[in-house]
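Novice: Before I ask anything, let me first share the structure, which is written out below as structure tokens.
The values are calculated or read from the model by the stated rules, or taken from the named source; none is laboratory data. All figures in this text were calculated on a predicted structure; none of them were measured in a lab. Positions of Cβ are backbone-derived with ideal geometry, glycine not excepted, and every protein chain shown enters the neighbour counts.
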Amino acid sequence: MDETIRVTSAGGVELDYEVAGLGGRSFAFIIDWHIRIILALAWFLPLNFLVFNSFDSSVIAELIDDSKTMAMLFVFLVMLPTFVIYFLYHPILELMMSGRTPGKRMAGVRVISKDGGTAPAGAILARNVFRLIDSFPGGLYFLGIMAAMFNKKNLRLGDLAAGTVLIYEEKTDKRGIAQLIAGEQTSSLSTRQRELAIELSERWKQLQSVTRIELASRLLEQLGRETYPEEKRTRREKLLLAEVQQVISGDQGADSHG
């Protein structure tokens, strides 16, 4: 059974995060493993063919006529990029996608820091360095699986070392901010609602489009503010964010947006 952790965010709001278990981890890893294998082979195979076949009958073959030069060309042009694609796949994409990879996105999971925020670059790099230890022996991830099985938060060694947690993103979004908003029934701005607006604003870019529209609309409806249901998605998101930011600033005017 997946565990839930509660953290107090920078905005002072307590949020529940459902920690991804071995099932979610494994599903995401299998997808990512296949993707990085395909990407690595997509580089290795054609470049390997180019170095050892095409050069034989080309002008370059006449210029590169010693085995040492060919070996260096093979290492730097073929092998090194292949290793970079395979071994840096996770850290590069997790940094670019705020704790996600294509596999994690498909599995609905994301890496976050223990305080509930986006994991910083140092933490992302640390958890992926420890991936080499977690994958022992021979890439079977025996140590990582054993570590995850024997702690309640299902953390592998890399997460323990980096201070990160893998959570179910959609479940957290729905049960975290959404439940807190649902608990506020007053139409006047309360301290709690302002804190929720701050939390929503801080996490805006991390949330999926449908989720942030839903959460912002719930909060603004309770405050009697405009939710722009007729607007197209992209424009509606901008207008909703502007309304949420007005709530944070304490502006209770019903300003219209051009």
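Novice: For residues that are at pLDDT 90 or above, among the aliphatic types (A, V, I, L, M) and under 30 Å from R203 (Cβ atoms), scanning just the stretch 67-103, find the one that is surrounded by the fewest Cβ atoms within 10 Å (Cβ to Cβ).
Specialist: This residue is M96.
Novice: Restricting attention to the stretch 76-112, report how many residues are assigned to a helix (DSSP H, G or I) and among the basic types (K, R). Show your work before the answer.
Specialist: Residues of the stretch 76-112 assigned to a helix (DSSP H, G or I): 76-87, 89-96, 102-107.
Going one step further and asking which of them are among the basic types (K, R), we end up with 104-105.
Of the residues in that region, 2 qualify.
Novice: To continue, here is another question. Name the one entry in R235, R225, R212 that is closer than 19 Å to R105 by Cβ and charged (D, E, K, R). Explain how you work it out, then say what you get.
Specialist: On the way: R235 fails: closer than 19 Å to R105 by Cβ; R225 fails: closer than 19 Å to R105 by Cβ.
Among R235, R225, R212, only R212 is closer than 19 Å to R105 by Cβ and charged (D, E, K, R).
Novice: Which one of the conditions (1) at pLDDT 80 or above; (2) assigned to a loop (DSSP other than H, G, I, E, B); (3) not assigned by TED's automatic domain parsing to the domain that holds K104 does L220 fail to meet, given that it meets all the rest?
Specialist: (2)
Novice: Answer yes or no: is there a residue in the stretch 111-118 that is crowded, with 18+ Cβ neighbours inside 10 Å, at pLDDT below 85 and in contact with a Leu (Cβ under 7 Å, 6 or more places away or on another chain).
Specialist: Within the stretch 111-118, one or more residues are crowded, with 18+ Cβ neighbours inside 10 Å, at pLDDT below 85 and in contact with a Leu (Cβ under 7 Å, 6 or more places away or on another chain).
Novice: Quick check on my filter: what residues within the stretch 6-30 are modelled with pLDDT of 70 or more, surrounded by fewer than 16 Cβ atoms within 10 Å (Cβ to Cβ) and assigned to a strand (DSSP E or B)?
Specialist: Correct list: R6 only.
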